[in-house]
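One structure is given below, encoded as structure tokens.
Values in this text are rule-based calculations from the coordinates and carry no lab data. Predicted model only: the values in this text are computed from it and were never measured. Cβ: placed from backbone, ideal geometry, glycine included. Neighbour counts: every protein chain shown.
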């Protein structure tokens, strides 16, 4: 990984003192003596833009003001400390220099001299990274980024990239049937869903125009991928006619249309007038859901509409107002790029003008197609962090366009392992880690001789295509766009430690500094129950597999066979009740007491058609249906059916304020039949006919 270099320049101030700017250390040598220029190695993975920025660090000192350290606080002069650390480093004893650099870093931070603090943090993270002490390297990479931000610069962006590349992450998520508390994580803080926002689940879309097999014949989707897509992407130019052919094709395929509407002539021509309103009315005429991504990636410098944030906001609002008035079937999508970082918020038009927040996000083995700058250790997961943190609490998030490269045309290399690993992360990990991420549109293109020259085209790699097809046929993936949509199986995801009913699908997110995962080993209560050596990673567990007090451990091995990480989570399952084939949801689920299953009496009696009364004085519950009367009293192991005593396996109990009684008695009291499914821990009740 390339290194950046930062030069220190001796600058004489008005008092004839020599200031080493960019280290921002005040030095007072003897009159007339010069301080030598010193070259300081810095560390983050470099992109050309970042290199250009960092080459300006030295010059920034020309405009800075000197800051003197208080002698009462520091017994040794900072310049002497710096030289002593240099001597250690030159002698090959860098470990001895680190605590000195750390002291100088903290002194700079204490004086709000963020430039100095950032550069010393850079020295330290370089050292720790070089010796494989990734935990400490991450700490100082993050500190360097923090200090640069406080200094008003984004020069720590690549420090964050490198920190994530060497970070060990093991997270476990699991599926569960919906309940109010779990659905809450998928909802905006206002509680009101945006236009076309699903309650939970993931819309999957595709850009297929440059795929010779499908092109814009969207009706072919099911025959190629096994399923119709929810969203089809088209590009259109502001000033030209509404892209009606794409709309017709999307409508005939039963899908929605995402339009990337590009003002290629710049923003000045965007105005509320005849053209814009006729375009909006044409959009309305097709009647299908349209996600309008106007002037996306505005935070980059590669579009004709970038640079002037105020003008951009003004024009976006004009378009949003016209669409709101003319086209109720159009949802406005504001969609920056995931890079550059830290500038997207300045282009945000405001909540009143945005329905969805999107982002362009690509995962590639090289930085900008350059084989000399590997990005194999980077995942799509961390690329979403900024936009998600800024907007997900109030807007649904989509990946307006996204893809994973499996081949680099520049050097003719296949990257199948990289592609499959990150496609799995993109579609299976990101939706469970980021519950407000609700749409992904895949950019299905082989760039060949242009731009980064990456090949994202799925059909060019059988492993990528097979994985994609298997993912989009999953129940969490939605192919019909409508507000409030959700998976047919009413299943969502949460931390794997949350109790589950019947079955849970475990989805791991694993990232290791070695990059390549050799094996994942799933260990339940000390016994290995599954092993996997390639994506898709994950496994299913049934409730009957998980006794009380269970612990699931995921062990991670690199390709050398070394165990490099592990994570343990407590697992527990819930008891379920099914009546006439329908799963029941109760405020108080069944529980096991002394080996017997207790079920909620009122809820089940009412499902059986009985009317239930409660006598608080005697603490007695009574149910009546078709001439049958059943009563029982809390703490009593005798129940009465039409006055006849019946012995219970366990006395009726109050659990969290709910009357609970043995499940078999509750199910059979009004003529039903009861069975026990031990595999899924389910009480199965069939009503009497």
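Numbers below:
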quantity	calculated
Length-normalised contact order for segment 614-658 - Cα pairs under 8 Å, 6+ apart - percent	25
Degrees separating the helix 462-472 axis from the principal Cα axis of the chain, which is the longest one	50
Segment 201-244-segment 589-617 distance, computed between alpha-carbon centres (Å)	52
Label-point separation, residue 272 to residue 80 (7 Å along Cα→Cβ), nm	7.0
Centre separation in Å (Cα based) which lies between segment 406-435 and segment 359-404	11
Cα shape, segment 614-659, gyration tensor, a/c 1.5 rule	oblate
Per-pair calculated FRET efficiency, R0 = 22 Å: residue 434 and residue 181 via Cβ, rounded to 0.05	0.75
Förster radius 41 Å - calculated FRET efficiency between residue 516 and residue 629 (Cβ-Cβ, nearest 0.05)	0.05
Hypothetical label at residue 585: residues of segment 540-574 whose amide nitrogen lies under 16 Å (7 Å Cα-Cβ projection)	574
Between helix 274-286 and the chain: long-axis angle, C-alpha atoms, 0 to 90°, nearest 10	30
Length-normalised contact order for segment 540-687 - Cα pairs under 8 Å, 6+ apart - percent	22
The chain - share of DSSP beta bridges that are antiparallel (%, nearest 5)	65
Segment 575-686: C-alpha gyration tensor shape, a/c 1.5 cut-off, then a/b vs b/c	prolate
Segment 202-478 - share of DSSP beta bridges that are antiparallel (%, nearest 5)	15
Mean Cα-pair separation over length for the chain, i.e. relative contact order, pairs under 8 Å, 6 or more apart, %	11
222 nm mean residue ellipticity, helices alone, for the chain (DSSP H n ≥ 4; -39,500 (n - 2.57); rounded to 500)	-7500 deg cm²/dmol
Virtual spin-label span in nm between residue 606 and residue 673, 7 Å along Cα→Cβ	2.8
Relative pair counts by distance (%), Cα atoms of segment 202-478, 10 Å bins	7, 30, 37, 22, 4, 0
Cβ crowding within 10 Å averaged over residues, with 142-155, 108-121 ranked highest first	108-121, 142-155
Nearest 10 degrees, 0 to 90: helix 309-326 Cα axis against the chain principal axis	30
Global geometry of segment 483-543, whether rounded, prolate or oblate, following the gyration tensor of its Cα atoms and the 1.5 cut on a/c	oblate
Cβ crowding within 10 Å averaged over residues, with 606-617, 335-346, 395-406, 240-251 ranked highest first	395-406, 335-346, 240-251, 606-617
Evaluated at q = 0.10 Å⁻¹: base-10 log I(q)/I(0), Debye formula over Cα of the chain	-1.05
Ranking of 604, 592 by count of other Cβ atoms within 10 Å, fewest first	592, 604
For segment 68-223, projected area of the alpha-carbon convex hull averaged over all directions, nm²	17.6
